[in-house]
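Take a look at the structure below.
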Amino acid sequence: IWFGQGEGLVIAPPPQVVARPNCNASGPGVNWTGCVKTAAHLQGAKLKQSQLNATKLDEADLRGAELSYSNLLRASLRAANLKGASLQAADLSGADLTGANLGTADLSFAVFTGAKVDGLRLEGAKLDKATWVDGRVCAEGSIGACR
């Protein structure tokens, strides 16, 4: 596409197609942006690479759920149970994790920048190379706390 500026041809990239949120969808790659899933029973749910931005998951049962590579930016997970969940490389920036249980969860390479972590339970959680609330990167072998 030529826009008439400069000497050469300017090619614009195709527009990104972003799926609209569907709060009733399930499975990997769902877009629940802004959905309310308070106290939802999602134990063992397969939600890898999902868009859960600003999703309200307070008191949800997500034990053993697969949430790797998911975007949980500004999600509310107050008192949610994510024990044993897989959250590898998940983005939890700005999320509210007050009182959540992430015990034995795999949080390797997860991002917690700006998250609220008051009362967060991390017993046995794997935090290898996770980016903590204050921006520091947790050491490899960090279990139960960012070291």
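Brief remarks on what is shown
- Taking the conditions (1) over 12 Å from the mean Cα position of the chain (by Cα); (2) open to solvent by less than 50 Å² (accessible area, probe 1.4 Å) in turn, residue 63 satisfies each one other than (2).
- Against the test of being at pLDDT below 95 and open to solvent by less than 80 Å² (accessible area, probe 1.4 Å), the options 17, 10, 30 yield a single qualifying residue, 10.
- The residues listed here are 116, 48, 83; of these, the one that is closer than 14 Å to residue 132 by Cα and of a type in the set (Lys, Arg) is 116.
- Qualifying residue in the range 119-140 (condition: among the aromatic types (Phe, Trp, Tyr), modelled with pLDDT of 95 or more and under 28 Å from residue 19 (Cα atoms)): no
- The range 88-103: number of residues that are farther than 14 Å from residue 57 by Cα and touching an Asp or Glu at 6+ places or on another chain (Cβ under 7 Å): 2
The values are calculated or read from the model by the stated rules, or taken from the named source; none is laboratory data. These figures come from a predicted structure and were not determined experimentally. Positions of Cβ are generated from backbone atoms using ideal geometry, with glycine treated the same way; all protein chains shown enter the neighbour counts. Note: areas computed on protein heavy atoms with side chains; ligands, DNA, RNA excluded. Shrake-Rupley method; radii C 1.70, N 1.55, O 1.52, S 1.80 Å.
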